[in-house]
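Down below is the structure, laid out as structure tokens.
The values are calculated or read from the model by the stated rules, or taken from the named source; none is laboratory data. Here the structure is a predicted model, which means the values were calculated and not measured. Neighbour counts are summed over all protein chains in view; Cβ atoms, including those assigned to glycine, are modelled from backbone coordinates with ideal geometry. Ligands, DNA and RNA are stripped out before the accessible areas are found, and what is left, the full protein with its side chains, is counted by its heavy atoms. Shrake-Rupley method; radii C 1.70, N 1.55, O 1.52, S 1.80 Å.
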Amino acid sequence: MTLVAPTVADYEASADLASLLVRTTQDETISLPAETLRLSCKCAHCTRARFDDRFPKAFPGIAITEIGDLGYGLNISFSDGHNRGIYPKPYLLSLVGR
């Protein structure tokens, strides 16, 4: 028997824009809070801000404003204007439980 890791099959923002709802290929629905996603951004801007100790510890009330599908990952825009982060689909699944 071969075990197959789940991958992202579909996604959408929750009605209140506070979470990303991800449906996996194993028909499991995962909710990732917008704040978790924003805190987990690995773009160059956020990486540099972390290095310089300027990255916020929290993003209370942050919302998802747009989702772009790049095939291998999602480009997620947030209500604070940040829109540089690309979240590879396996990375999204690794954020569950953070």
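At-a-glance table
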| quantity | calculated |
| --- | --- |
| Pair list, Cβ < 8 Å and 6+ apart or interchain, from the stretch 71-84 residues that are touching a residue at least 24 places away in the same chain (Cβ under 8 Å) to residues that are open to solvent by 60 Å² or more (accessible area, probe 1.4 Å) and among the aliphatic types (A, V, I, L, M) | LEU74/ILE86; SER79/LEU17; ARG84/ALA44 |
| Considering residues of the stretch 42-98 that are polar (S, T, N, Q) and open to solvent by less than 80 Å² (accessible area, probe 1.4 Å) only, the residue farthest from SER31 (Cα to Cα) | THR47 |
| Some residue of the stretch 64-74 being among the aromatic types (Phe, Trp, Tyr) and at pLDDT 95 or above | no |
| Members of the stretch 32-57 found to be polar (S, T, N, Q) and over 19 Å from TYR72 (Cα atoms), listed by number | THR36, THR47 |
| Failed criterion for GLU12 (all others in (1) closer than 17 Å to LEU92 by Cβ; (2) surrounded by 14 or more Cβ atoms within 10 Å (Cβ to Cβ); (3) at pLDDT 95 or above hold) | (2) |
| Boolean, ARG23 is basic (Lys, Arg), more than 12 Å from LEU92 (Cα to Cα) and open to solvent by 50 Å² or more (accessible area, probe 1.4 Å) | no |
| Residue check for ALA5: open to solvent by less than 80 Å² (accessible area, probe 1.4 Å), over 25 Å from ASN83 (Cβ atoms) and out of contact with any Lys or Arg (no Cβ under 9 Å at 6 or more places or on another chain) | yes |
| Those helices (runs of 4 or more DSSP H) lying entirely in the chain with at least 2 residues under 11 Å from the mean Cα position of the chain (by Cα) | 34-39, 89-94 |
| Odd one out for ALA44, checked against (1) under 16 Å from LEU95 (Cα atoms); (2) at pLDDT 95 or above | (1) |
